[in-house]
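Trainee: Sharing a structure with you now.
The values are calculated or read from the model by the stated rules, or taken from the named source; none is laboratory data. What you see is a predicted model; the values in this text were computed from it and never measured. Here Cβ is always computed from backbone atoms with ideal geometry, including for glycine, and neighbour counts include all displayed protein chains.
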Amino acid sequence: MTSPPDHARALLARARDDFYVVRHLRGEADAPLWVLGLHAQQAVEKALKSVLSSRGIEYPRTHNLVMLVEMLRRAQIGLPPDADALGLLVPAGDCCGMKTSRRRAAAD
């Protein structure tokens, strides 16, 4: 098992990877918005989890940015001024109807 600081560094590296995709595709006219949204949400999620992990705070398996921000707030960890707007970024399955489609296909 990795230590919290090592886990935090690994998460931050993955967050940077997701942000790389956003930075490089945002100017592409043909870039699907859902791809940009997915990687933006994932970059933020992994960055928030990295901060929690670096402080030794365990977090649930979730994609809920509002929950992660609230965990940071309760731990009295500084947040960016626009942290409350992070809830606008939703996991790709939620924004694209993919989870609903998968559930319907499984039920059929």
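Trainee: Among the residues that make up the stretch 32-45, is at least one of them acidic (D, E) and farther than 19 Å from G78 by Cβ?
Mentor: Checking the stretch 32-45: not a single residue is acidic (D, E) and farther than 19 Å from G78 by Cβ.
Trainee: Quick one: count up the residues across the stretch 26-48 that are of a type outside the set (F, W, Y) and touching a residue at least 12 places away in the same chain (Cβ under 8 Å).
Mentor: Residues in the stretch 26-48 being of a type outside the set (F, W, Y) and touching a residue at least 12 places away in the same chain (Cβ under 8 Å): 14 in total.
Trainee: State all residues of the stretch 1-16 that are farther than 12 Å from V51 by Cα and touching a residue at least 24 places away in the same chain (Cβ under 8 Å); if no residue qualifies, say none.
Mentor: R14, R16
Let's see how each residue does on (1) under 20 Å from S3 (Cβ atoms); (2) surrounded by 14 or more Cβ atoms within 10 Å (Cβ to Cβ); (3) out of contact with any His (no Cβ under 9 Å at 6 or more places or on another chain); (4) at pLDDT below 95:
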residue	(1), (2), (3), (4)
A29	no, no, yes, yes
V35	no, yes, yes, yes
Q42	no, yes, no, no
E45	no, yes, no, no
L48	yes, yes, yes, no
S54	yes, yes, no, no
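Trainee: Take the residues of the stretch 56-77 that are in a helix (DSSP H, G or I) and surrounded by fewer than 16 Cβ atoms within 10 Å (Cβ to Cβ): which is farthest from the chain's Cα centre (by Cα)?
Mentor: R74
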